[in-house]
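Data block below; observations after.
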């Protein structure tokens, strides 16, 4: 349980922390770059970050379900906060999968082909979904850290 909890927390930090850094710090700083340079920067960032998100998802799911069944004896033994975390976590995974297989794929192709307008449209879609997932991730961190104290 100790190892599973540590891995779970680290995977969440990588995913949520990476989104926070990208959204609150890289995005405003990248605004000074011209369109093609900004798009190439984001292409490089996402190409490195998204595989780590997939790894984080695998670790979160494996460690979370391990803790659920080994520590709580399954769903019936888990508190409300565990059920809420699971639901929000699955929603985050679905949003990320959409980003990865739709706007990220189109963005990557557009940047590689020099299609600035298509790239800009898809980058904006990615930004919106990352913002949603960041908000969900922050709520999840609050639930994970406080949920055991809920009535």
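Nothing in this text is a laboratory measurement; each read-out follows from the coordinates by a stated rule. Keep in mind the model is a prediction, meaning the values are calculated, not measured. FYI the Cβ positions are ideal-geometry reconstructions off the backbone, even for glycines, and counts take in every protein chain you see.
Report whether or not residue 126 is within 17 Å of residue 11 (Cβ to Cβ), in contact with a helix residue (DSSP H, G or I) (Cβ under 7 Å, 6 or more places away or on another chain) and surrounded by 17 or more Cβ atoms within 10 Å (Cβ to Cβ). Considered against the rule, which asks whether it is within 17 Å of residue 11 (Cβ to Cβ), in contact with a helix residue (DSSP H, G or I) (Cβ under 7 Å, 6 or more places away or on another chain) and surrounded by 17 or more Cβ atoms within 10 Å (Cβ to Cβ), residue 126 comes out as no. Residues in region 6-57 that are within 16 Å of the chain's Cα centre (by Cα) and closer than 21 Å to residue 114 by Cβ: 42, 45, 46, 47. If you go through region 32-68 and pick out every residue that is farther than 21 Å from residue 106 by Cα, without any contact (Cβ under 8 Å) to a residue 40 or more places away in the chain and surrounded by 15 or more Cβ atoms within 10 Å (Cβ to Cβ), you end up with 2. The set of residues in region 70-91 that are loosely packed, with under 13 Cβ neighbours inside 10 Å and over 24 Å from residue 135 (Cβ atoms) comprises 70, 73, 74, 75, 76, 77.
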